[in-house]
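Heads up: the structure comes next, in structure tokens.
Values quoted throughout were computed directly from the atomic coordinates according to the rules given, and no laboratory measurement underlies them. Remember, predicted model here, so these are calculated numbers, not experimental data. Using ideal geometry, Cβ is built from the backbone for each residue, glycine included, and neighbour counts are taken over all protein chains shown.
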Amino acid sequence: MSGREVKLGQTLSSLIERGGYSRNRQEILTALDISPAALSQYARDQTRPSFQKLVALADFFGVSLDYLVYGEVTETVSDDSSVAKYVNESVSRAMASARRHTDLVGRIGRVLSDRVDAVARELADSATAGREGLIQDDEAARIEGYCLSAKILTLDLQYDLIAMPDGEPAAGEFLEVVAKNLAKGCDYQFLVPLGSEGMVEQFRTLLTDRVGRDSVRKNCSFRRTGQPVTAGTALYQLDMVALQADEPALLEQMGEYISVGGDFGYLISPNSDSNSDMVMNKTHRERAQSAFAALWAAAARV
């Protein structure tokens, strides 16, 4: 081993900024076929990309793997060197393997699609998070995708924005869900504490880049409350027909917490150590809806 310091996150952040991708990373995401959260995690050194993704990143920015990983400019490696041969052979094997397994993956996908609902129902009948009154972040994001309207009381928009090393925000796990919902006409109300104006503007900018200013103005409202805020809340009205058709297992898992009319709510975790939130029962949800309405009426526009 060379003992060199890995500087992937630092180098990637610098390439993103120098390439003019700080505000809109969609071209990078499309080229690598990754999510915004994955790219942000690479740039923050929270996760490491696979070898294929490293090669794709280097190709996209037109740099060597040494520069991407170590931030160092090195001499061109001759084609007959062991490193060059290893790289070429690895890429060739990966491409050949992908072609050989295309049909197999397709068959596996069809089998899994036939069994996934049955397996999910088995999990729902056991000691799952839904039965315990908890909802995982990915489950909350999937459910939010079926919102007709959403009322969000948030302390810091941490699930919608990710702070990047260069100071520019990146899309968090829920921002893409919000953008897709706005494009469909879903109505959002975000209630934030005092001092959140900067985050709101960053959030608006990222949403505008995705769905346009008119959709954001029409369907996404922000107000700030002067009341003390100690915990976040998400209150949804869901499209039950679409949810039943697309996510029957998830609906079964969370069904006892969703009203006939599609009302659903949960308390947002107050720390980043857990990826679970607490689902509200009918009584607490109705109290939260009344409290949100009162705070919203008294809050100032942002």
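Could you name the lysines whose alpha carbon sits less than 26 Å from that of residue 282, not counting residues in the same chain fewer than 8 places away? Leaving aside lysines fewer than 8 places away in the same chain, those within reach of residue 282 are 151. Distances between every pair of Cα atoms in the range 4-47, grouped in 10 Å steps from 0 to the bin holding the largest one, split as 28, 59, 12, 1 percent. Given axes a ≥ b ≥ c from the Cα gyration tensor, I'd like to know whether the range 160-239 is rounded (a/c under 1.5), prolate (a/b larger than b/c) or oblate. Oblate.
Note on residue 180 and residue 10: the model spin-label points, each 7 Å out from Cα along the C-beta direction, lie 3.7 nm apart. Please give the length that would be gained between residue 287 and residue 111 if that part of the chain were fully extended, namely 0.36 nm times their separation in residues minus their C-alpha to C-alpha distance (nm, one decimal). Length difference between fully extended and current span is 58.9 nm.
Here r is the Cβ-Cβ distance between residue 18 and residue 208 and R0 is 25 Å; the resulting FRET efficiency, rounded to 0.05, is 0.60. Classified by the C-alpha gyration tensor, the range 169-302 has an oblate form. Its axis ratio a/c, with a ≥ b ≥ c, is 1.5 or above, and a/b does not exceed b/c.
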